[in-house]
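As structure tokens, the structure follows; a few thoughts come after it.
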Amino acid sequence: MKKEDLGHLRKSYDKSTLEITDVKNDPMEFFKLWLAEAVEHPDIEEANAMSLATLGLDDFPKARVVLLKAFTSEGFVFYTNYQSEKGMAIDHHCKVGLSFFWPALERQVIVKGEAEKLAPEDSDAYFKSRPVGSQLGAIVSDQSKIISDRSIIEAKLEALEIQFENEVPKRPEHWGGYLVKPNCIEFWQGRANRLHDRIRCQLQSGFWNLERLAP
Ligand SMILES: Cc1cc2nc3c(=O)[nH]c(=O)nc-3n(C[C@H](O)[C@H](O)[C@H](O)COP(=O)(O)O)c2cc1C
């Protein structure tokens, strides 16, 4: 195959700046601010989409996109199938990475943390809040398992649609939320000449230690 050269794809970053004092020793509060700006930005779709990196049973890291559905001072929450490839990976190794990239703001946030399952009642509450189609989709899909054909899951969905016409679906045990408790959060703001701003916040003995990193 002929080499596809992408060297001409260049962008200069100049939209904003970032200082240690902006983060003010509370990276989760600061994250809230950046997320709100991303959510409100007219050129950013799915500002809550994040890459989740896990270390797999095959010892390879794998990243895939999931949606951030809540966050508190404790951490970041997403929902998935506990028996999916990522679910098995987290069972095996709970240390994970999260990253957000908001191009229109020239911002990136990178999190290292430990994932734990949410309490079943919290997963129940979120499951209940989902549209019925998404609830049935979660029941139907053995996420990450090999299937020979799409028609298998479509037929399963059709059968469930009939079964649950007058019944509220219950959360399957294999589907629920994870809370990622951060121990490192890095904020990245693009700057001119590739001299970007990077502020790393590390949790040490219950306190956040903030440092500037070279770009
Ligand atoms: C924008 C976007 C949002 C997604 N959100 C989720 C999600 O919240 N939960 C989830 O399990 N999969 C989500 N997915 C699908 C995952 O990227 C992935 O394909 C799936 O979870 C299976 O991953 P695994 O086989 O590594 O476990 C999303 C994909 C995209 C592109």
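Just so you know, all these numbers are worked out from the coordinates, no wet-lab data involved. Values in this document were obtained by computation on a predicted structure and should not be read as measured data. A quick note on method: Cβ atoms are made from the backbone with ideal geometry, for glycine too, and the neighbour counts reach across all protein chains shown.
Among the listed pairs Lys2/Lys145; Lys32/Lys117; Lys86/Lys156; Lys2/Lys86, which are separated by more than 27 Å between their Cα atoms? Pairs exceeding 27 Å: Lys2/Lys145; Lys2/Lys86.
What would the Debye formula give as log10 I(q)/I(0) at q = 0.13, 0.16, 0.19 Å⁻¹ for the alpha-carbon point model of the chain, no solvent? Taking Cα atoms of the chain as identical point scatterers yields -0.87, -1.15, -1.38.
Checking every one of the GluC sites (Glu not before Pro) in segment 32-66 against DSSP loop status and a limit of 13 other Cβ atoms within 10 Å picks out Glu45, Glu46.
Here, P(r) means the percent of Cα pairs in each 10 Å bin from 0 to the largest distance; for segment 27-123 it is 15, 47, 30, 8, 0. Using only the C-alpha atoms, the convex hull of segment 1-56 corresponds to 210 Å³ per residue.
Residues within the reach of a label modelled at Phe101 (point 7 angstrom out along Cα to beta-carbon, backbone nitrogen below 17 Å), restricted to segment 10-34, are 10-14. The string of couplings for segment 12-25 from the Karplus curve (6.51, -1.76, 1.60, θ = phi - 60°) is 9, 9, 8, 7, 7, 9, 9, 10, 4, 5, 5, 7, 6, 6 Hz, one whole number per residue in order, with x for Gly and Pro. Exposed loop trypsin sites (Lys or Arg not before Pro) only (DSSP loop, at most 14 other Cβ atoms within 10 Å): please give the longest stretch of the chain free of them, not including the sites. Formally, the longest exposed-site-free interval is 70-144. Counting helices only, and only those DSSP H runs with n ≥ 4, report the 222 nm mean residue ellipticity of the chain as the sum of -39,500 (n - 2.57) divided by its residues, in deg cm²/dmol to the nearest 500. It comes out at -8000 deg cm²/dmol, rounded to the nearest 500. Each of Gln163, Met1, Leu52 was placed along the dipole of the chain (beta-carbon charges, centred on the mean Cα), and the one lying farthest toward the positive end is Met1. Applying D = kT/(6 pi eta Rh) to segment 151-215, where Rh is the Kirkwood radius over alpha-carbon pairs, T corresponds to 37 °C and eta to 0.692 mPa s, the Stokes-Einstein value obtained is 195 µm²/s. Under the criterion of Cα pairs below 8 Å and six or more residues apart, the relative contact order for the chain equals 25 percent. With 0.36 nm allotted per residue and the present C-alpha distance subtracted, the Asn193-Glu167 stretch has 3.5 nm of extension available. For segment 55-70, putting each phi into the Karplus relation 6.51 cos²θ - 1.76 cosθ + 1.60 with θ = phi - 60° gives couplings of 9, x, 5, 8, 6, 8, x, 9, 10, 8, 8, 9, 9, 6, 10, 6 Hz, in residue order, rounded to whole numbers and with x for Gly and Pro. What is the distance in Å between the Cα centres of segment 4-75 and segment 168-206? If you average the Cα positions of each part, the centres end up 8 Å apart. Treating each Cα of segment 92-205 as an identical point scatterer and summing with the Debye formula, the log10 of I(q)/I(0) at q = 0.13, 0.15, 0.16, 0.17 Å⁻¹ comes to -0.76, -0.87, -0.91, -0.95. When a/c reaches 1.5 or more, the comparison of a/b and b/c decides; with that in mind, is segment 38-78 rounded, prolate or oblate per its Cα gyration tensor? Oblate shape, in that a/c is at least 1.5 and b/c is the bigger or equal ratio.
Computed on segment 82-145, the Cα convex hull volume stands at 135 Å³ per residue.
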